[in-house]
Amino acid sequence: MLRSAASRPYPLLALLVEDSEDDCLLLLDQLDRSGFQVRWQRVDNAEAMSAALTTQRWDIVFSDYTMPRFRGDRALEITRDHDPDLPFIFVSGTIGEAAAVAAMKAGAQDYVMKHDLSRLAPAVLRELKEAQARREQRRAEQELRKLSQAVRQTADSVFITDLQGRIEYVNPAFQHLSGYTPREALGQTPALFKSDRNDAAYFQRMWGTLLGGETFRDIMVNRRKNGELFYEEKTITPLTEDDGRITHFVSTGHDVTDWVRGEEARTRLVTILEATPDFVATTDAEARLLFLNQAGRRMLGLGPQHDISGMRLSDCHSEWGAQQLRRVALPSAARDGVWEGESALRGAADNDISVSQVLLAQRDESGEIAFYSTIARDISERKQYEAELRHQATHDKLTGLPNRTLLDDRLGAEIQRAIRQHRRFALIFLDLDNFKRVNDSLGHPAGDELLKQFSARLRDAMRPNDTIARYGGDEFVVVGGDLVSIEHVLVVVNKLRAAFETPLRVREREIFITFSAGIALYPADGQDAETLLKNADTAMFRAKDAGQGQFRFYASDMNARSRELLDTETGLRRALERGELQIHYQPQLDLRSGRIIGSEALLRWQRPGNQQLTPPAEFIWMLEETGLILPVGEWVLRNACAQWRAYRASGAAPRRIAVNVSARQFSDRGLVDMVARVLRDEAMQRGALEIEITESTVMQDPAQAGETLAALAALGVRLAVDDFGTGYSSLAYLKHFPLDCLKIDASFIRNLPLDADDASITEASISLGHKLGLEVLAEGVETREQYAFLRAHDCDLIQGYYLSQPLPADLAIPFMSDANAETRRR
């Protein structure tokens, strides 16, 4: 059992191997008197001793030599097996000199006779100190063994030299690296494996570093015993004493030949890649750029130091090239290992650079994609050359227009488009009149110049998406898409004829050109290119037979209709000067007051020999196409304002008069000035003139429309959106326009109140108008039920046959006077 003696300043943990408790107490008393504070345990057999050594760390073991059930030499043996450095002292009354010597040889540190314990305390102190020294020595030896083992087993070459550089130790890795055995190396200097790749200055720098007490690190080129050169990553460290004096040098190194040669190969590759004019790049597995050569940087407009770490390979490509990379190239390379094809890089000035590109997917040992590499060669010149060849093959050399080959392709594509979209188009076959006379009189060079100028005017007259081709000689073909009616075809023909009203100037001569035209319509006059061309050619010869500057449709009924439209256009050009145009006025009723507060000016045409007026739907479009709408529009505006002034003089003037402005008028730059001039000339009050613009007209160019509307509003003109609901408009724009009135189109009023959809649209339009702070006027009101519905839903104004048909001025004044007088009487 473990006991504690009186408190003393020198603690001691002692295991006592003793069969006599009295002897044990005598021993403890001696230690106590000697200044030890002892904690102890007594055992008297091998099992108890082994258990005590295992469960407690002891400072010292005291053992009797001779015991009835246990011998002291066995106790020593057990102690040494457990801890070879644990102090062990025999305290015995029977041990003889021979036994004591044997015990000392077996590992006991001392022996003390029981009858004389005076030597006990000095022996204990000595052995405790020596045990500590033994343990430290053993730890040092173990560390040295480990260090020696590590040096022997490390893959790095290690050798140690004295201060003069003579080799004193080499490890096995040294022999493996250099080829020299320890016997061959010991006593030699490192010059044994030095190559001639490092000069004297290099070694002077090395020795200067080492003798200065610093570590030297570098990659050295050495030579093996067999003469082979190798690269060694070397670290040489001075070993110093406590006073700083250098005694030895330790050199460690490992073979980096493969790495250096790999770096040299990489450097050579980079040099080659930097020298190539091609775009070269590598990326990670996610296509993020890792490397981009200088040629690639120049192509993209990036400086040599530009940081590419945040860029992706797709950032180097044009928009369509990036899409192809993501959708085709990268998936193909990931699947097949390689993709090659044509693409486009994003050039320095945002111009596309056509390239022939190869993209490779590089995989690691596990089969996963490690990185991508790509090379792209600029093929812009080749593409330009190919384009020039294609242009030469498909275009007329003289005029630059498409030739027959390209015409066939374009015509086929137009037929397919017409089939898909269920549309019609026109093919116009042109032949110059009397071109042979120009050639004969002025020569073929003059004729060529005339053909080039003729072609240029054709291009200027037609839309960009129309096809104009030189068919041969002085024959040309025009393919006009989306010409849905004969009226549209005639507009095109008139534009072509108008383009040549002024002469061409060839070699200081003015030459007036006319042409004959034959027109075939798809699909009525042919459903394939060959038939359309043949029939248009036939129609052209019919036009030739009728005289110069004529045109004919292939279908005879089309010719009759074209003559009718031509007569209409001719009549319109003379209608204004002949006084055939009239203005009728349709009253507008205020549903709250029941008074007529305005009227809309509507244009009519009284054609000679025709008892009935021609409605605007039959001729307004032609005024638009021919440009006559501008002078006619000004005439309408001026006369309407003059009529309002006449109303005012008679005392029957409505609050305002409304005039429609067409899309062509609204886009005219002189509109605002013209309106200002008329208002001034006719002394119109602010708010007396209301200009109506259709919803679709306003939304063609909202920004420009906003400026024009603001300028008109500044003149005191009221502004109304006509035909609301029939076009497309953005409320975001409408709410910012300076509008006064919203006119619901008659198509939504016609079936009120029976049609639920029309009723809902009308209610919503009224609500929307009011929320935007606008008056709301319903057009086309024809029945009492419609009138009642609109009044019940808070519509502000109505206009239509329920109130009155459009009236000439001499009838409109008494009508409005009578209507308002009746309202006052009620």
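Sequence gap at least 6, Cα distance under 8 Å: using those rules, report the relative contact order of the chain to the nearest whole percent.
With pairs under 8 Å counted, the relative contact order is 5 percent.
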Inset, instruction - DSSP loop (so not H, G, I, E, B), at most 15 other Cβ within 10 Å: list which trypsin sites (Lys or Arg not before Pro) in region 354-411 pass both filters. - result: Lys397
Legend entry - Percent of Cα-Cα distances greater than 24 Å, calculated over region 257-398: 37 percent
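Tell me, what is the per residue accessible area of the chain in Å², probe radius 1.4 Å?
52 Å²
For region 380-444, compute Rh as the Kirkwood radius over C-alpha pairs and then the Stokes-Einstein diffusion coefficient at 4 °C and 1.567 mPa s; write the answer in µm²/s, rounded to an integer.
Stokes-Einstein gives a translational diffusion coefficient of 87 µm²/s.
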Legend entry - Spin-label pair Arg507/Asp567, simplified geometry with 7 Å Cα→Cβ offset, distance in nm: 4.5 nm
Legend entry - Calculated FRET value between Arg648 and Arg420, using beta carbons and R₀ = 56 Å, to 0.05: 0.45
Inset, instruction - Return the FRET efficiency for the residue pair Arg119, Thr235: r is the Cβ-Cβ distance, R0 is 60 Å, and the value is rounded to the nearest 0.05. - result: 0.60
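So for region 480-550, considering every pair of alpha-carbon atoms, how many percent are separated by more than 17 Å? Could the numbers behind the result be given before it?
Numbers: 1353 of 2485 pairs.
It works out to 54 percent of all Cα pairs.
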Inset, instruction - Would you pull out the residues with amide H under 5 Å of Gly549's amide H, same chain only if 5 or more places away, H placed 1.01 Å from N? - result: Phe515, Ser516
Legend entry - Difference of contour (0.36 nm per residue) and Cα-Cα distance, Ala387 to Arg686: 101.4 nm
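Could you check what % of the DSSP bridge pairs in the chain are antiparallel, to the nearest 5?
Values: 97 of 141 bridges.
Bridges in the chain that DSSP calls antiparallel: roughly 70 percent.
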Legend entry - the chain: calculated mean residue ellipticity at 222 nm from DSSP helix runs of at least 4, using -39500 (n - 2.57): -14000 deg cm²/dmol
Inset, instruction - Please give, to one decimal in nm, the separation of the simple spin-label points placed at His82 and Asp315, each 7 Å out from Cα toward the Cβ. - result: 7.3 nm
Inset, instruction - With the full set of protein chains in place, find how many percent of the accessible area of the chain is carbon and sulfur; take the probe as 1.4 Å. - result: 49 percent
Legend entry - Long-range HN-HN contacts of Gln37 with modeled amide H, under 5 Å: Arg8, Tyr10, Leu12
Legend entry - Length released on extending from Asp482 to Arg363, taking residue separation times 0.36 nm less the Cα-Cα span: 37.3 nm
Legend entry - Trp635-Leu811 pseudo-label distance in nm [points 7 Å out on the Cα-to-Cβ vector]: 2.2 nm
Inset, instruction - Please calculate the 1.4 Å probe accessible area of His317, with all protein chains present, and give it to the nearest 10 Å². - result: 10 Å²
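When the chain is fully extended, how far beyond the present Cα-Cα distance does Phe203 get from Met699, taking 0.36 nm per residue of separation?
Values: separation 496, 0.36 × 496 = 178.56 nm, distance 8.52 nm.
Here the answer is 170.0 nm.
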Inset, instruction - Using θ = phi - 60° and the Karplus relation 6.51 cos²θ - 1.76 cosθ + 1.60, list the HN-Hα couplings for region 640-647 in order, rounded to whole Hz, with x at every Gly or Pro. - result: 5, 5, 5, 5, 4, 5, 5, 4
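Over all distinct alpha-carbon pairs, what is the Kirkwood Rh of the chain in angstrom? Kindly include the intermediate steps, with their values, before the conclusion.
Working: mean 1/r = 0.0247 Å⁻¹.
Computed over Cα pairs of the chain, the Kirkwood hydrodynamic radius comes out at 40.5 Å.
Taking each pair of different alpha-carbon atoms in region 746-807 once, compute 1/r for the pair, average those values, and report the inverse of that mean as the Kirkwood hydrodynamic radius in Å to one decimal.
Working: mean 1/r = 0.0866 Å⁻¹.
Across region 746-807, the inverse of the average 1/r is 11.5 Å.
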Legend entry - Karplus-derived HN-Hα couplings along region 175-181 (A = 6.51, B = -1.76, C = 1.60, θ = phi - 60°), whole Hz, x at Gly and Pro: 5, 5, 6, 8, x, 8, 6
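The values are calculated or read from the model by the stated rules, or taken from the named source; none is laboratory data. Every value quoted in this text rests on a predicted model; they were computed, and no experiment measured them. Cβ coordinates were reconstructed from backbone atoms using ideal geometry, including for glycine residues, and neighbour counts include every protein chain displayed. Note: accessible area is taken over every heavy atom of the protein model, side chains too, but ligands, DNA and RNA are not part of it. Shrake-Rupley method; radii C 1.70, N 1.55, O 1.52, S 1.80 Å.
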